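**Student:** Starting off with a structure, shown below.
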Amino acid sequence: MGMQATSKGNMPVVLLKEGGSETKGKDAQKNNIAASKIVAEIVHTSLGPRGMDKMLVDSLGDVTITNDGATILKEIDVQHPAAKMLVEISKTTDNEVGDGTTSAVVLAGALLENAESLIDQDVHPTIIVDGYRKAARKAKQFLESISDTISSNDKNMLNKIAKTSMQTKLVRKDSDQLADIIVKSVLAVAEKDSESYDVDIDDIKVEKKAGGSIKDSMIVQGIVLDKEIVHGGMPRKINEAKIALINTALEISKTETDAKINISNPQQLKSFLDEENRMLKTMVDKVIGSGANVVLCQKGIDDMAQHYLAKAGIIAVRRIKESDLTKLAKATGARIVTNLDDLFEKDLGSADLVEERKIEEDKWVFVEGCKHPKSVTLLLRGGSQRVVDEVERSVHDALMVVKDVIEKPEIVAGGGAPETYAATKLRNWAKSLEGREQLAAEKFADALESIPLTLAENAGMDPIDTLTLLRSKQQKGEKWTGIDVMKGKIANMKSSDIIEPLAVKLQIVSASAEAACMILRIDDVIATQKSAGGPPGGGEGGMPPGMGGMPPGMPGMGGMGGMPDMGGMM
């Protein structure tokens, strides 16, 4: 069964192991492009405010309902090697700028589709790649040229940006209120560095809990801990809290070496236990001595220590995640203490209120009312678990775009306007190129227009009419003209308040161009195969059972472009 490859002398040579396969030239390209187009088709219906959501069911039967491009592609376990690259760009776009994941994949799909028609006309892939690279560089320049610079703490503008990002999501109805708490939270944790700002999204803790409705989401000027107070005898609420953050255990540590203690009479046993208690009491006394009335501990707290703390009227919470402890330090201004001898009043943090509240069936501890918290919590609510999950994903995107603009305060309009503008300019610029690269650059311009085209399709508008009207307006120099999907017409996106960060647009162009170029350069796919266990030739006639581990849909196994069997999800 070994795969035969014949050399020029027509001597049969067995080159690859059994079950290996090779696809060459046009076939390999066609197959890769087909696979990528399928990935783009999956997400393309979820682009824009009229985009639809996808329901993803994993092998355990867990359901995810979302229209976040990155989440969709992450959840469907794509097998085809070329299609995986598109999943990669949606991931990087998500990590870099947070929004525009769907657009990046749609654009990459369009670039490959347009390249395919050139390959059919015998334009060499390398030429297409060169043309695409130049066009991508140029497109980014055009986008930069129309961006507006704003001041990084312009709340009004940041609100519009957060809202634009959420227009396409399930939370649209509540985007006003969510945008408000999102902008507040990002501005709270933004660190000013001479002229520019620096934002670490990790400083914003996002806690979600099903129940209530999206309207009940709120911002807490401090940290919410999903833990309860350790001891029933402790107060449930303390005003003017003085907070000690401890990352050592309030218990008696075991000795490093194995030690035995021989006790021969009951008196010794009693003094041994008394000594343990005394040690614990000393620990607690150190905490009390510092003036703390709230103790938040990363490790365990012994029962006896809990008793002493409760007697002193101190609230204690144990086993707090290290990441939360760091956030608490940023929020309350406390110093994290490892050695209790080191705990003094100056190390304590402060908050107006520390209180245990019941949220649905769980008890959570709220540390709120911190003076100038450098770390805050967004508490998201929603009617059901699926809804809250999707709210969290939407909020992540919105937080990211606000961060993008604060760090790089340049904006463009949305609604396909900047893409159409860049496409129009690219077409004129392409005429200056010599040779076949000109064709590639024109195809790049066509691909950019796939974004407004898809927006129009999803809105149920006539794509051709819409695009021609859009082009003619852009030709007249109305650079902010785009598709107002909600009204189903072409409008000035700037005045419709649909505004996006320039950073997102640039990332979409770079990421999709790079992925498309990488896939286009592949002319040979060689798949080797893991040898199946047991004696060779376990299947019939020497075929390993189930072609052991051949990626499904590799060329020569039905041209489904490598989509794995996605049971009932299509």
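**Student:** So which of Val287, Val295 ends up being touching a residue at least 40 places away in the same chain (Cβ under 8 Å), assigned to a helix (DSSP H, G or I) and under 18 Å from Val337 (Cα atoms)?
**Tutor:** Working: Val295 fails: assigned to a helix (DSSP H, G or I).
Just one listed residue meets the conditions, Val287.
Residue-wise test of (1) in a helix (DSSP H, G or I); (2) touching an Asp or Glu at 6+ places or on another chain (Cβ under 9 Å); (3) without any contact (Cβ under 8 Å) to a residue 60 or more places away in the chain.
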site: Asp176; (1), (2), (3): yes, no, yes
site: Ala188; (1), (2), (3): yes, yes, no
site: Val206; (1), (2), (3): no, yes, no
site: Ala210; (1), (2), (3): no, yes, no
site: Ile229; (1), (2), (3): no, yes, no
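**Student:** When Val123 is evaluated against the numbered criteria (1) part of a strand (DSSP E or B); (2) touching a Lys or Arg at 6+ places or on another chain (Cβ under 6 Å); (3) surrounded by fewer than 21 Cβ atoms within 10 Å (Cβ to Cβ), which criterion, by number, is the only one it fails?
**Tutor:** Failed condition: (1).
**Student:** Sticking with this structure for a sec: Can you find a residue that is touching a Leu at 6+ places or on another chain (Cβ under 6 Å), touching a residue at least 24 places away in the same chain (Cβ under 8 Å), at positive phi and surrounded by 24 or more Cβ atoms within 10 Å (Cβ to Cβ) anywhere in the range 357-372?
**Tutor:** So in the range 357-372, the residues touching a Leu at 6+ places or on another chain (Cβ under 6 Å) come out as 365, 368-369.
Pick out the ones that are also touching a residue at least 24 places away in the same chain (Cβ under 8 Å) and you get 365, 368-369.
Then drop every residue that is not at positive phi, which leaves 369.
Retained after the next criterion (residues that are surrounded by 24 or more Cβ atoms within 10 Å (Cβ to Cβ)): none.
No, the conditions are met nowhere in the range 357-372.
**Student:** I need a count of the residues in the range 210-222 that are of a type in the set (D, E, K, R) and over 19 Å from Lys169 (Cβ atoms).
**Tutor:** The initial filter retains those residues of the range 210-222 that are of a type in the set (D, E, K, R), namely 215-216.
Now restrict to residues that are over 19 Å from Lys169 (Cβ atoms): none.
Qualifying residue count for the region: 0.
**Student:** I've got another one for you. Could you tell me which residue of the range 477-491 is nearest to Thr164 (Cα to Cα), considering only residues that are touching a Gly at 6+ places or on another chain (Cβ under 8 Å) and in a strand (DSSP E or B)?
**Tutor:** The first filter runs over the range 477-491 and keeps only residues touching a Gly at 6+ places or on another chain (Cβ under 8 Å), leaving 482-485, 488, 490-491.
Narrowing further to those that are in a strand (DSSP E or B): 482-484, 490-491.
Values: Gly482: 14, Ile483: 13, Asp484: 12, Ile490: 17, Ala491: 15 Å.
Step by step, filter the range 477-491, then rank; the result is Asp484.
**Student:** From the set of residues in the range 298-330 that are in a strand (DSSP E or B) and β-branched (Val, Ile, Thr), which is nearest to Glu355 (Cα to Cα)?
**Tutor:** Here is the first cut: in the range 298-330, the residues in a strand (DSSP E or B) are 301, 315-317.
Among the residues that remain, those that are also β-branched (Val, Ile, Thr) are: 301, 315, 317.
Working: Ile301: 19, Ile315: 9, Val317: 11 Å.
Within the range 298-330, the match that is nearest to Glu355 (Cα to Cα) is Ile315.
**Student:** Please find, among Leu328, Leu309, Leu343, the residue that is out of contact with any Ser or Thr (no Cβ under 8 Å at 6 or more places or on another chain), in the same structural domain as Asp274 (by TED's automatic domain parsing), in contact (Cβ under 8 Å) with a residue 40 or more places away in the chain and surrounded by 22 or more Cβ atoms within 10 Å (Cβ to Cβ).
**Tutor:** Details: Leu328 fails: out of contact with any Ser or Thr (no Cβ under 8 Å at 6 or more places or on another chain); Leu343 fails: out of contact with any Ser or Thr (no Cβ under 8 Å at 6 or more places or on another chain).
None of the other options fit; the residue is Leu309.
**Student:** Test Thr255 against the stated conditions and say whether it is loosely packed, with under 15 Cβ neighbours inside 10 Å, assigned to a helix (DSSP H, G or I), free of Cβ contacts under 8 Å to residues at least 40 places away in the same chain and among the β-branched types (Val, Ile, Thr). So that I can check it myself, show each step before the final result.
**Tutor:** Numbers: loosely packed, with under 15 Cβ neighbours inside 10 Å: yes; assigned to a helix (DSSP H, G or I): no; free of Cβ contacts under 8 Å to residues at least 40 places away in the same chain: yes; among the β-branched types (Val, Ile, Thr): yes.
No: the conditions fail for Thr255.
**Student:** Within the set of pairs 6 or more residues apart or between chains, which connect a residue that is under 15 Å from Glu442 (Cα atoms) inside the range 101-129 to a residue that is aromatic (Phe, Trp, Tyr) with Cβ atoms less than 9 Å apart?
**Tutor:** Going by the 9 Å Cβ cut-off, the qualifying pairs are Leu111/Tyr132; Leu111/Phe444; Asn114/Phe444; Ala115/Tyr132.
**Student:** For the range 132-164, which positions are assigned to a helix (DSSP H, G or I), in contact (Cβ under 8 Å) with a residue 60 or more places away in the chain and of a type in the set (Ser, Thr, Tyr)? Quick ask: steps written out before the conclusion?
**Tutor:** Going through the range 132-164, the residues assigned to a helix (DSSP H, G or I) turn out to be 132-146, 155-164.
Then keep just the ones that are in contact (Cβ under 8 Å) with a residue 60 or more places away in the chain; that gives 132-136, 138-140, 142-144, 146, 157-158, 160-164.
Residues satisfying the conditions are Tyr132, Thr164.
**Student:** Still on this structure: Taking the criterion of being within 28 Å of Lys169 (Cα to Cα), of a type in the set (A, V, I, L, M, F, W, C), free of Cβ contacts under 8 Å to residues at least 60 places away in the same chain and assigned by TED's automatic domain parsing to the domain that holds Glu144, would at least one residue in the range 425-447 satisfy it?
**Tutor:** No, because not a single residue in the range 425-447 is within 28 Å of Lys169 (Cα to Cα), of a type in the set (A, V, I, L, M, F, W, C), free of Cβ contacts under 8 Å to residues at least 60 places away in the same chain and assigned by TED's automatic domain parsing to the domain that holds Glu144.
The values are calculated or read from the model by the stated rules, or taken from the named source; none is laboratory data. Bear in mind that the values here come from a model prediction, so they are computed numbers and not experimental data. Counting neighbours? That spans all protein chains shown, and the Cβs are built from the backbone with ideal geometry, glycine included.
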